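Enquirer: Below you'll find the structure I mean.
Any read-out appearing in this document is the output of simple, stated calculations on the displayed coordinates, not a laboratory observation. Note that this is a predicted model, so its numbers are computed, not measured. No Cβ is skipped: glycine too gets one built from the backbone with ideal geometry, and neighbour counts run over all protein chains shown.
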Amino acid sequence: MDTYKHCSMWLWSTWVKTPKLNNSDILIVSACLTHVNRELFEELSNNKQTLLACPEREPAAYYGKIASIIKSSKPRTITVATIDGSPHCFQLHAAINEAIYILGKEVVRKHYVVVDGKKLVEISPNSIRIARYLHLVEKLINMYPKILEELKEHSLEYIESIKDKKEFNSEIT
């Protein structure tokens, strides 16, 4: 079976007035999800016009493209699904919020992240807004420092930073 059976387009390469987007349910999904968790990809893309996106390989100005699709094609809904923890994928969520802000109109939307390649978790647009303001994230960490213990379960980069910090501190003493 073709991995991309639901996908006919890449977001950046899609004509914003493509007839199949008109009044449709659109899924914008991290291209790597097809390899990370094929079953989740198939479930999410069922009955949706699926647009693959990879901010790591394509230009980052998605918000303009998404705003143009919304204005030109008037989709019923937009769903975004990305890999949790990916700094590149985060841009897709922020781009949806930005496009809607630029247009000044509400669009029915859902945001999801795939945690550790397995679990689909819905996130709110406010989570994305807060993530853009690092001073607020810092306040949240200070208010709830145990969240860093949970981060150890998901982030190899964080685990390495702790290890490197311990090694650095032992070299100083």
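Enquirer: Most exposed first by the Cβ proxy, i.e. fewest other Cβ within 10 Å, how do ILE102, ILE28, ILE128 rank? Before the final figure, lay out each step's value.
Expert: Numbers: ILE102 14, ILE28 25, ILE128 19.
Going from sparsest to densest Cβ surroundings: ILE102, ILE128, ILE28.
Enquirer: Give the aspartates and glutamates reachable from LYS118 as a straight Cα distance under 14 Å; neighbours fewer than 8 places away on the same chain don't count.
Expert: In chain and number order, the partners are GLU39, GLU42, GLU43, ASP84, GLU153.
Enquirer: So what's the chain giving for Rg/Rh, alpha carbon basis, Kirkwood Rh from the mean inverse pair distance? Provide the component values of the computation, followed by the final result.
Expert: Working: Rg = 18.2 Å, Rh = 17.5 Å.
Checking Rg against Rh, the ratio lands at 1.04.
Enquirer: Would you list TYR158, TYR112 from fewest to most Cβ contacts within 10 Å? Can you show the working numbers first?
Expert: Working: TYR158 14, TYR112 20.
Ranking TYR158, TYR112 by Cβ neighbours within 10 Å, fewest first, gives TYR158, TYR112.
Enquirer: Given H placed on each backbone N at 1.01 Å, which residues far from THR79 in sequence or on other chains put an amide H within less than 5 Å of it?
Expert: Here ILE26, LEU27, ILE28, LYS110 satisfy the definition.
Enquirer: Grab the beta carbon distance between ASN142 and GLU122, set R0 = 22 Å, and tell me the FRET efficiency rounded to 0.05.
Expert: About 0.25, to the nearest 0.05.
Enquirer: FRET efficiency for GLU106 and GLU157, Cβ-Cβ distance as r, R0 = 45 Å, nearest 0.05?
Expert: On the way: r = 35 Å, r/R0 = 0.79.
Working from the Cβ atoms, E equals 0.80.
Enquirer: For a quick check: sort HIS88, HIS154, HIS135, HIS93 by the number of other beta carbons within 10 angstrom, fewest at the front. List each step's numbers first, then the result.
Expert: Values: HIS88 17, HIS154 13, HIS135 6, HIS93 24.
Fewest-to-most Cβ neighbours within 10 Å comes out as HIS135, HIS154, HIS88, HIS93.
Enquirer: A further question on this structure: Please report the net charge: other residues with Cβ closer than 11 Å to the Cβ of LYS17, K and R +1, D and E -1. All intermediate terms of the calculation are to be shown ahead of the outcome.
Expert: Details: positive: LYS20, LYS71, LYS74; negative: none.
So the surrounding residues net to +3.
Enquirer: Continuing with the same structure: With runs of 4+ DSSP H residues as the only contributors, calculate the mean residue ellipticity of the chain at 222 nm using -39,500 (n - 2.57) per run, divided by the residue total and rounded to the nearest 500. Show your work: numbers first, answer last.
Expert: Values: 8 runs with 78 residues, N = 173.
My calculation for the chain gives -13000 deg cm²/dmol from helical runs alone.
Enquirer: From Cα pairs below 8 angstrom and at least 6 apart in sequence, can you work out the relative contact order of the chain, rounded to a whole percent?
Expert: Working: 228 pairs, mean separation 33.8, N = 173.
After rounding, I find 20 percent.
Enquirer: Counting only DSSP beta bridges with both residues in the chain, what percent are antiparallel, rounded to the nearest 5?
Expert: Working: 5 of 25 bridges.
Of all bridge pairs located within the chain, approximately 20 percent are antiparallel.
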